[in-house]
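Enquirer: Below you will find the structure I want to go over with you.
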Amino acid sequence: MIAAASLTALSALSACSSSGGKPEDDALVRADAARATVPTTALTAAATSANAFGLDVFHAVADGRADNVMVSPTSLATALAMLMPGAKGQTAAEIAKTLHTSLPADQFAAALGALNSATVQRTLADKADMQQFDTAWTQKGYDIQQPYLKTLAAAFDTGIHETDFQRAPEAARQMINKTVQDQTNGLIKDLFGPGSLDASTRLALTDALYFKAKWAAEFKKGDTADKPFHLLGGSTHNVPMMSDSHEYGYAEGDGWQYAELPYQKEHMAMGVLLPAADTFDTFRKSLTADRLASITGSLSDTKVDLELPKFTFDTDLQLNKALMSLGMTSAFDSDTADLSGIPAKPEKLAVTTVVQKTHVAVDEEGTTAAAASGVAIGTAGAAEPHKPAVMHVDHPFLFLIRDTVSGQILFLGQVTDPQG
């Protein structure tokens, strides 16, 4: 089913865009390339790789933090999948290793593009709202190699929009940020901060993801009541706690509980992973992609007496150091970076910044979540069972939003304080 959906799904992206979601195409540079056909084995491999990468990034930014954090593995992996076909040599090898993929760059890009588009199609068919846009921006008049343009077209159904970083970098930054804001229905603002794009910028890559869905079984607002939530430091305060007794996919093990709350039509779901009290930090550090896959693969339908806090928060991440800590080092170093697969005329390029912003809101009706990831490339060096289970989520927990068909994780986060 994934393979069948992948052949046509990205054509649905423009149909599900919000007004102003795509930039004007009068300065679009694009190769004439048919959408890639992707075998099921590559789709499965790409989903597994993106999930493992997402866990790595989550650990890199969340371990040791006591505040709320969310990342989008799908969005960031997609942005790097747009970059990787332009990388060569050691730089390409490091990006591939960081992404946990052994697929050639063009095949990984095609597989991830097909996965994303299939998820969009399933979500839209479920009467939920999902949008994902992959957009590239280059300096006006800057020639790009045809193989790189063909990969963008075949994998993501996109080309490269021209702007003027050299003469008007601030205007270019604002235009890119405004496009991302439109693509996420206003939830992600100022993706690229002041000064992050300048006259040395040659290429900017963005992935914007928006998701809004209602629960298959909504919580009754009248059952929401203020109840205590125990913070990491040992203090407690009252938060609006939703409650219901319903049949969910459920699993439990030594020191943890997991419940999966489906959205309408049940192709998408939010998983809530609750470590035992006072073990949050230890459990978080021990969580691997394989262990998470084992947990999500061991669900059984169980009636659960569930209490879950309402929560809303935003995360703003600068990811250069996190990615370098995962082994992607040469891409950020102007002396060692090899992005020679991008410019048609030889020029030394390096990644200058990688950023991601996310937003999530969970209430009685469902979930709204958004993410945007940005990669800037320039000529400068880089900157830095029968009885109901009882699951009362009254202390810090982890959560994820995933496609239950492919297993691909769209969002992954932790809530240490539902009030932010």
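Enquirer: Based on the alpha-carbon set only, what is the convex hull volume of the chain divided per residue, in Å³?
Expert: Value for the chain: 129 Å³ per residue.
Enquirer: For the stretch 28-107, rounded, prolate or oblate, judged on the Cα gyration tensor with a ≥ b ≥ c (square roots of eigenvalues), a/c < 1.5 rounded, else prolate if a/b > b/c?
Expert: Prolate, since a/c reaches 1.5 and a/b exceeds b/c.
Enquirer: Tell me, what is the per residue accessible area of the stretch 265-347 in Å², probe radius 1.4 Å?
Expert: Accessible area per residue: 46 Å².
Enquirer: Describe numerically, in nm with one decimal, the distance between label points set 7 Å from Cα along Cα→Cβ at residue 174 and at residue 392.
Expert: Distance between the two pseudo-spin positions: 5.3 nm.
Enquirer: Loop-only chymotrypsin sites (Phe, Trp or Tyr not before Pro) in the stretch 238-287, please: DSSP not H, G, I, E or B, and at most 13 other Cβ atoms within 10 Å.
Expert: Taking the stretch 238-287 and a limit of 13 other Cβ atoms within 10 Å, no loop chymotrypsin sites (Phe, Trp or Tyr not before Pro) are found.
Enquirer: If you roll a 1.4 angstrom probe over the protein chains with everything in place, what fraction of the accessible area of the chain belongs to carbon and sulfur, to the nearest %?
Expert: 49
Enquirer: Can I ask one more? Based on the Cα atoms of the stretch 281-420, what semi-axes does the equivalent ellipsoid have, where each is the square root of 5 times one gyration tensor eigenvalue, given in whole Å with the largest first?
Expert: 39, 17, 14
Enquirer: Moving on. Would you work out which of 286, 353, 323 lies farthest towards the positive end of the dipole of the stretch 252-357? Charges go on Cβ: Lys and Arg +1, Asp and Glu -1.
Expert: 353
Enquirer: For the charge dipole of the chain, defined by +1 on Lys and Arg C-beta atoms and -1 on Asp and Glu C-beta atoms about the Cα centroid, which residue among 112, 276, 180 has the Cα displaced farthest towards the positive pole?
Expert: Going by the Cα projections, it comes out as 112.
Enquirer: Let me ask you something else. Put +1 on the Cβ of each Lys and Arg and -1 on the Cβ of each Asp and Glu in the chain; which of 241, 142, 191 then has its Cα farthest toward the positive end of the dipole?
Expert: Of the options given, the answer is 142.
Enquirer: Something else now. Between residue 32 and residue 334, what is the FRET efficiency for a Förster distance of 30 Å, r being their Cβ-Cβ separation, to the nearest 0.05?
Expert: 0.35
Enquirer: May I ask for the percentage of alpha-carbon pairs in the stretch 270-348 that lie more than 17 Å from each other?
Expert: Within the stretch 270-348, distances greater than 17 Å cover 72 percent of Cα pairs.
Enquirer: So what is log10(I(q)/I(0)) for the stretch 137-290 at q = 0.10, 0.11, 0.12 1/Å, when the Debye sum runs over its Cα atoms only?
Expert: -0.68, -0.78, -0.85
Enquirer: Taking 23 Å as the cut-off for C-alpha to C-alpha distance, list the pairs among 227/310; 212/265; 97/178 that go past it.
Expert: Violating the 23 Å limit, Cα to Cα: 97/178.
Enquirer: Using the crude model of +1 on Lys and Arg Cβ and -1 on Asp and Glu Cβ, and no other charge, please compute the dipole size for the stretch 279-420 relative to its Cα centre, in debye to 20.
Expert: The dipole of the stretch 279-420 has a size of about 320 debye.
Enquirer: Moving on to the next point. Measure off 7 Å from each Cα along the Cα-to-Cβ vector at residue 236 and residue 282, then give the distance between these two points in nanometres to one decimal.
Expert: 2.2
Enquirer: Next question. For the stretch 57-132, with only Lys/Arg (+1) and Asp/Glu (-1) charged at the beta-carbon, what is the dipole magnitude about the Cα centre, in debye rounded to 20?
Expert: With only Lys, Arg, Asp and Glu charged at Cβ, the dipole is about 120 debye.
Enquirer: I'd like the projected area of the stretch 70-158, averaged over all directions, using the convex hull of its alpha carbons. Report it in nm² with one decimal.
Expert: If you wrap the Cα atoms of the stretch 70-158 in a convex hull and average its projections, you get 7.0 nm².
Enquirer: Roughly how big is the chain's charge dipole about its Cα centre, with Cβ charges of +1 (Lys, Arg) and -1 (Asp, Glu), in debye to the nearest 20?
Expert: So the magnitude is around 640 debye.
The values are calculated or read from the model by the stated rules, or taken from the named source; none is laboratory data. Here the structure is a predicted model, which is why all the values come from computation and not from measurement. Please note: Cβ atoms are built from the backbone with ideal geometry, for glycine as well, and neighbour counts cover all protein chains shown. Accessible surface is based on the protein model in full, side chains and every heavy atom, while ligands, DNA and RNA are left aside. Shrake-Rupley method; radii C 1.70, N 1.55, O 1.52, S 1.80 Å.
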